[in-house]
Amino acid sequence: MDAALEEIDFLARSTHRVGVLEGLTDGARERRDLAAATGASTPTMSRILADFEDRRWIARDGPTYCLTSLGEFVAERFLELREAMEIEHKLRDVWQWLPREMEGFSVDLFTDAVVSYPGPGYPYEPIERLTHLIEGTTRMRGFDSIVFKSINNEAVCQAVLDGMELEYVYSPTALEQTLAWNPERVMEAASCDHCTVLVHDDLPDRSRCGLGVVDDRAGICCHDAETGALTAIIDTDALAAREWAISTFERVRDEARPVESQAFETLVSSDRQR
């Protein structure tokens with residue numbers, strides 16, 4: 001095995017070693033404090049500290065141990081790798097639906113995301129999560145080319161009628177199909193002064209996902225490209241993610257065109273004649 005991989009394996013196969021390395025990133029610690037924090041026995045802790053000293057990762061000053069500059073380098077890189085793998089594990093099942101065309105997207109933005117994904121025998125978790133986000137906000141912005149389940153459309157309409165500010169960009173097809181769901185209900189909500197509906201002919205990642213921003217969270221709605229089914233909701237309250245989502249939405253909004261009331265009436269009339 002490559003020497004570098006051996007060192008990674010040396011750390012990765014012992015939670016006690018990782019715990020000691022992580023504990024020392026916060027500053028010098030005594031042996032007993034490290035043992036208490038990691039749950040390692042006295043013999044185990046002695047071996048770990050000896051191994052780390054042999055590698056020049058730590059230095060001893062009386063009863064305390066601290067990371068050397070080399071140890072800080074190892075700790076930073078190893079813990080970054082661990083964090084990356086934790087993110088990968090969380091997003092593995094939805095990776096294929098994440099944005100590819102939305103400028104500036106990075107999985108790092110969604111490190112602490114809540115991933116709502118259909119579980120065995122219960123496919124409704126993403127739908128319920130989306131409804132929860134809609135019902136819990138005073139303002140919603142976003143874009144999507146997919147029509148959600150009727151329960152989500154109803155949640156949006158009711159929230160707007162209750163005072164939620166909505167600014168949303170649809171694809172032409174999504175707008176037509178949303179109107180077809182319940183023309184009167186959609187028109188009632190769209191006529192509110194705090195509801196702005198726009199249409200965009202070429203939304204980014206239109207067959208893969210949409211984007212939403214609520215009061216304190218940003219979310220990605222993932223779709224199956226063939227069926228259009230909602231496959232997952234990924235949302236986070238990370239400030240960087242929300243700032244990225246807002247800037248992405250604003251770029252799309254600036255390219256979109258507003259749907260005037262007359263256009264709504266034309267679409268509704270066209271739908272009724274079918």
For the chain, find the longest principal axis of its Cα atoms and tell me its angle to the long axis of helix 42-54, 0 to 90°, nearest 10.
-> 90 degrees
Of the residues Ala159, Ser41, Ala225, the Cα lying farthest along the dipole of the chain towards its positive end, which is defined by charges on the beta carbon of Lys, Arg, Asp and Glu, belongs to Ser41
Stretchable slack from Phe73 to Arg47, in nm (0.36 nm times residue separation minus alpha-carbon distance) = 7.2 nm
Would you list Asp33, Asp235 from the most to the least accessible area, probe 1.4 Å?
-> Asp33, Asp235
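Report the gain in length on full extension from Asp112 to Met187: 0.36 nm times residue separation, minus Cα-Cα distance, nm rounded to one decimal.
Result for the pair: 23.3 nm of gain on full extension.
Taking the Cβ of Thr64 as the center, what net charge do the other residues with Cβ under 10 Å away carry, scoring Lys and Arg +1 and Asp and Glu -1? Working shown, then result.
Values: positive: Arg29, Arg31, Arg60; negative: Glu30, Asp33, Asp61.
After counting each charged neighbour, the total is 0.
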To the nearest whole percent, what portion of all C-alpha pairs in segment 1-60 is separated by more than 17 angstrom?
-> 35 percent
Among Ile246, Pro63, Pro123, which residue has its Cα positioned farthest towards the positive end of the charge dipole of the chain, with +1 placed on the Cβ of Lys and Arg, -1 on the Cβ of Asp and Glu, and the dipole taken about the Cα centre?
-> Pro63
Scaled by the rule-of-thumb 2.2 N^0.38 Å, the alpha carbon Rg for the chain gives a ratio of 1.37
Solvent-accessible area, 1.4 Å probe, carbon plus sulfur percent, for segment 1-123 | 51 percent
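Where a ≥ b ≥ c are the square roots of the eigenvalues of the C-alpha gyration tensor, would you call segment 117-185 rounded, which needs a/c under 1.5, or, failing that, prolate if a/b is larger than b/c, or oblate?
Oblate shape, in that a/c is at least 1.5 and b/c is the bigger or equal ratio.
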How much length is gained if the chain between Tyr122 and Ala59 is pulled fully straight, taking 0.36 nm per residue apart and subtracting their Cα-Cα distance, in nm to one decimal?
-> 17.4 nm
Proximal charge balance of Gln158 [Cβ under 13 Å; K/R count +1, D/E count -1] = -3
Regarding segment 181-254, what whole-number volume in Å³ per residue does the convex hull of its Cα atoms give?
-> 121 Å³
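Which value, in debye to the nearest 20, gives the size of the charge dipole of segment 1-116 about its Cα centre, when Lys and Arg are +1 and Asp and Glu are -1 at the Cβ?
Roughly 500 debye for segment 1-116.
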Inverting the mean 1/r over all pairs of different Cα atoms, compute the Kirkwood radius of segment 61-178 and quote it in Å.
-> 18.1 Å
GNM on the chain, C-alpha springs below 10 Å: top fluctuator among His200, His223, His89?
-> His89
Counting DSSP beta bridges in segment 123-274, what percent are antiparallel, to the nearest 5?
-> 60 percent
The chain: antiparallel DSSP beta bridges as a percent of all, rounded to 5 = 70 percent
Per its Cα gyration tensor (rounded if a/c is under 1.5, else prolate when a/b beats b/c, else oblate), segment 70-122 is best filed as oblate
Okay, helix-only estimate at 222 nm for the chain: each DSSP H run of n ≥ 4 adds -39500 (n - 2.57), divide by all residues, round to 500 deg cm²/dmol; what do you get?
-> -15500 deg cm²/dmol
Give the long-range amide H neighbours of Ile58: residues separated by 5 or more places, or on another chain, with amide H under 5 Å away, using H modelled in the peptide plane at 1.01 Å from N.
-> Glu53, Thr68
According to a simple spin-label model (label point 7 Å from Cα along Cα-to-Cβ), what is the distance in nm between Thr25 and Glu83?
-> 0.6 nm
Note down the net charge around Thr138, summing +1 for each Lys or Arg and -1 for each Asp or Glu among other residues with Cβ under 12 Å from its Cβ.
-> -3
Between the helical axis of 261-273 and the dominant principal axis of the chain, each derived from Cα atoms, what acute angle in degrees is found, rounded to the nearest 10?
-> 80 degrees
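DSSP loop GluC sites (Glu not before Pro) in segment 158-231 with at most 13 other Cβ atoms within 10 Å of their Cβ, which ones?
Sites meeting the loop and neighbour criteria: Glu226.
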Using unit Cβ charges (K, R positive; D, E negative) and no other charged atoms, how large, in debye to the nearest 20, is the dipole of segment 165-270 about its Cα centre?
-> 200 debye
Ratio of the Cα radius of gyration of segment 134-245 to 2.2 N^0.38 Å, where N counts its residues = 1.00
Please list, in chain and number order, the residues 5+ apart from Glu165 or on another chain whose amide H is under 5 Å from its amide H, with Hs placed from the backbone.
-> Arg139, Met140
Charge dipole (debye, nearest 20) of the chain; +1 at Cβ of Lys and Arg, -1 at Cβ of Asp and Glu | 660 debye
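The values are calculated or read from the model by the stated rules, or taken from the named source; none is laboratory data. Fair warning: this is a prediction, and the values are worked out from it, not measured in the lab. With ideal geometry, Cβ positions are generated from the backbone for all residues, glycine too; neighbour counts draw on all protein chains shown. Just the protein is used for accessible areas: all its heavy atoms, side chains included, with ligands, DNA and RNA removed. Shrake-Rupley method; radii C 1.70, N 1.55, O 1.52, S 1.80 Å.
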